[in-house]
1. Six or more apart or on different chains, Cβ under 7 Å: which pairs go from a residue in region A:100-128 that's under 18 Å from A:S83 (Cα atoms) and hydroxyl-bearing (S, T, Y) to one that's open to solvent by 20 Å² or more (accessible area, probe 1.4 Å) and outside any strand (DSSP E or B)? Could you list them?
2. Return only the number of the condition from (1) open to solvent by 10 Å² or more (accessible area, probe 1.4 Å); (2) in a helix (DSSP H, G or I); (3) more than 30 Å from A:V39 (Cα to Cα) that A:A489 does not satisfy.
3. Based on what the data block shows, is A:T432 within 21 Å of A:V118 (Cα to Cα) and touching an Asp or Glu at 6+ places or on another chain (Cβ under 6 Å)?
4. Across region A:24-44, what is the total count of residues that are over 24 Å from A:E497 (Cβ atoms) and within 11 Å of RNA strand B (Cβ to nearest atom)?
5. Quick one: which residue in A:I443, A:I436 is over 18 Å from A:L79 (Cβ atoms), open to solvent by less than 50 Å² (accessible area, probe 1.4 Å) and in contact with a strand residue (DSSP E or B) (Cβ under 7 Å, 6 or more places away or on another chain)?
6. Evaluate the following for A:R12: is it away from RNA strand B (no atom under 14 Å from the Cβ), open to solvent by 60 Å² or more (accessible area, probe 1.4 Å) and not acidic (D, E)?
7. Is it fair to say A:S4 is closer than 20 Å to A:P525 by Cα, in contact with a Ser or Thr (Cβ under 9 Å, 6 or more places away or on another chain) and within 13 Å of RNA strand B (Cβ to nearest atom)?
8. If A:E167 satisfies every condition in (1) open to solvent by 50 Å² or more (accessible area, probe 1.4 Å); (2) away from RNA strand B (no atom under 16 Å from the Cβ); (3) touching a Phe, Trp or Tyr at 6+ places or on another chain (Cβ under 6 Å) but one, which is the exception?
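The values are calculated or read from the model by the stated rules, or taken from the named source; none is laboratory data. Treat the numbers as computed from the prediction; the structure is a model and nothing was measured. Glycine gets a Cβ as well: all are built from the backbone with ideal geometry, and neighbour counts include every protein chain shown. What goes into the accessible areas is simple: the full protein's heavy atoms, side chains included, and nothing from ligands, DNA or RNA. Shrake-Rupley method; radii C 1.70, N 1.55, O 1.52, S 1.80 Å.
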Amino acid sequence: MRYSKVLIPTLREEPAEAEVVSHKLMLRAGMIRKLAAGVYNYLPLGLRVIRKVEQIIREEMDRSGALEVLMPWVQPAELWEESGRWEDYGKELLRFQDRHERWFCLGPTHEEVITDIVRKDVRSYRQLPLNLYQIQTKFRDEIRPRFGLMRGREFGMKDAYSFDADEQGAEESYRVMFDTYCRIFARCGLKFRAVEAETGPIGGSFSHEFMVLAETGEDIVVSCDSCDYAANLEKAEIERSKTPNKEKAKPKPLELVSTPGMKTVEEVCGFLKVKPQSLVKTLIYQGDSGPIAALVRGDHEINETKLRRLVGCERLELASEEVIEQVSGAPLGFAGPVGLKMRLIADQGIEDMVNFVTGANKADAHLVNVNLGRDFQVEELSDVRVAREGDPCPRCEGKLLFNRGIEVGHVFKLGTKYSKALKATYLDEQGTERLIIMGCYGIGVGRTAAAAIEQHHDDKGIIFPPALAPFQVLILPVNVKEERLSGVAENIHHSLEERGIEVLLDDRDERPGVKFKDADLIGIPLRVTLGNRFIKEGVIELKWRWSEEIDLVREEDMVDEVLKRLKSIKEGGDDEHS
RNA sequence: CGGGGCGUAGCGCAGUCUGGUAGCGCAUCUGCUUUGGGAGCAGGAGGUCGGCCGUUCAAAUCGGCUCGCCCCGACCA
């Protein structure tokens, strides 16, 4: 393809609207343009990259036995009312009415529709298992779209849904998708980790997020420094200290101290001249069946998901000030475990603490030298706080490390949530009607492309992994007015295209500097440069985008050499250049 | 939704405080020169200064309203 015939509007300067590298580079390389907040146009170069990602996904999904379908973007409200999500989904669901004033929404996901397909046409165990997928545009009216394709409102997504007759089958379907995802992201040339994610009330390790490690990631990946444990921050477990502090200081007598107006941990610590580590926070929560108090060390954070799971609540939120006053007898900021008559859950981290500070359940007062066991008892001592870097690994003796990551994929066992709500059932061998067990599996297409750029770039521009590059080869004649250069460039271009190679010929009458800058910016893996050395010595330069090394090749050998190199890259795996 | 910021040529920005004929760099168009890392010279085109209402002899500039965008936070199958 000729550069002069393609629309590749590169930008010399950084667009003011972009914050992260991938967004800046996609705009500068002329891949995308914004149409509205979180809504983008895909220009020729950008679309080619998106199609590459989609094709890899499609091939691997097909290989796994999944079947491609296509569901509508516009969905009727009735289905969502049936699943209960018309109520539950919130403002992210963009709703509108047609001319008959019937309600519809733009699909943010397709569980309802796919379940509807299956319930209508799947009757027998003989038709199971089934895995249906699509690559579709989704719309989620995000509160704050940002970072270009990384968090758009409209975005391309591959979503797959598995349907199985029993638990074993569902687990197998899950495992197959897990492996398929690993292959997809490896083929995309990404460094990624599959991390355990929170599963909600279902339990078990049946949810994994696929995270691409990158500085600009919005999520935290918690991993162990010595084993392969990895989880997201919400899920990350903390091992209970195996060596309880035997040499504890002697408990001192309990003492009530006046702390006028000192509500926060910082205020109390400053006032009493103690460290946050010597303080225990008491948080009052409102659960399904009444208030619950949670204790955590002053410098730790409660993990509400862990707490909710432990106490077995559907809903759990911080109690209002009125409730706090009512149950603790003191205003917000002065609650403490001593004498508190309600469910008391403590983080295991307070087990080792001696002579700590807590609220006194009395306005403007705290207790010092409080001790667990002597002054109060708890219902449970467990892991209910948010993990921190350096915490002990739950699986081995190692310590937890924190990294930033971009969530590009998620595999999730749904169970029977939708099959129950929408009555998707089948008849088993005995003729008994049973609920179908479902799983869902998503990949953000644009986000995967953005993540690849986050991982593969330098200060000059994008360094595309070959599998995602919009073209494999860029031919750059330094001066197109020099006929010896442009003629040979044309020949090579033609020969490579004939062999099915994606080649871009920079036939623009631009100065060499401009062409080199654009070449580096758009990041095509292999560059063929024709310049003075060809005129003088008859040699053509060949260079990988990620390397400084330049090899000299004669015209007659060029096509074979390019083919050889592209082949070696394909076979050599994707790490060669990273 | 709360806080902060921005809207002036395709892009990046100055001008706004202190009202008086709308500017700079890059890009773009024409011509000549130039051709290995974002060229030089000459000439040209491009704007209802986000929109509406108001104040004023006069508004990009002052006031009110409104729309859009960006950042931080809260939220998030």
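1. Between residues of region A:100-128 that are under 18 Å from A:S83 (Cα atoms) and hydroxyl-bearing (S, T, Y) and residues that are open to solvent by 20 Å² or more (accessible area, probe 1.4 Å) and outside any strand (DSSP E or B), there is no close pair.
2. Only one criterion in (1) open to solvent by 10 Å² or more (accessible area, probe 1.4 Å); (2) in a helix (DSSP H, G or I); (3) more than 30 Å from A:V39 (Cα to Cα) is unmet by A:A489, namely (1).
3. Spelling it out, it is not the case that A:T432 is within 21 Å of A:V118 (Cα to Cα) and touching an Asp or Glu at 6+ places or on another chain (Cβ under 6 Å).
4. 12
5. A:I443
6. So A:R12 fails the test.
7. In short, no.
8. (3)
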